[in-house]
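A short worksheet on the structure shown next.
The values are calculated or read from the model by the stated rules, or taken from the named source; none is laboratory data. Because the structure is a prediction, the values reported are computed rather than measured. Cβ placement follows ideal geometry from the backbone for every residue including glycine, while neighbour counts extend to all protein chains displayed. The accessibility values were calculated without ligands, DNA or RNA, using every heavy atom of the protein model including side chains. Shrake-Rupley method; radii C 1.70, N 1.55, O 1.52, S 1.80 Å.
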Amino acid sequence: VQLVESGGGLVQAGGSLRLACAASGRTFSSYAMGWFRQAPGKQRELVAAISTSGSSRYYAESVKGRFTISRDNAENTVDLQMISLKPEDTAVYYCAAGPTTVTLRRGLFDYWGQGTQVTVSS
């Protein structure tokens, strides 16, 4: 599975962005998907994850109520809608695929995209 992220950019605090991750391969629907982020000097953080069917979602406390993860197994895509962005959301955001949302929460994944930069100005 190859993952390609898009949709990052520069936005003012309070603004919105929608990140998209396009996956290649026929087995997309068999993977749980997640969005990680990493800011300079900080550890990588899982911000959201979604199960293979989309019925189960996980959000980090720091983004609950502001970020929404969704997937389309017919289109092999997973999106991250971000609203009410804060300067502390500034990071490189990565799309990742793993066996389950539990393994993603443990920081374990099988595939990883190249990342897209999100910068939130104050």
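Its DSSP H runs of at least 4 residues, each contributing -39,500 (n - 2.57), put the calculated 222 nm mean residue ellipticity of the chain at -1000 deg cm²/dmol, to the nearest 500.
In this calculation the C-beta distance from Ser62 to Asp110 is compared with R0 = 25 Å, giving a FRET efficiency of 0.50. Protein heavy-atom accessible surface, 1.4 Å probe, per residue over the stretch 22-94: 49 Å².
In the chain, Cα pairs under 8 Å separated by at least six residues give a relative contact order of 36 percent. Segment Gln38..Ala22, full-extension length gain: 3.8 nm, with 0.36 nm per residue of separation and the alpha-carbon distance subtracted. Computed extension length for Ser53-Glu75: 6.6 nm, one decimal, from 0.36 nm per residue of separation with the Cα-Cα distance subtracted.
For the chain, carbon and sulfur atoms together expose 48% of the accessible surface, with a 1.4 angstrom probe and every protein chain in place. If each Cα of the chain is one equal point scatterer, what is log10 of I(q)/I(0) from the Debye formula at q = 0.19, 0.20 Å⁻¹? Once normalised to I(0) and log-transformed, intensities are -0.94, -1.05.
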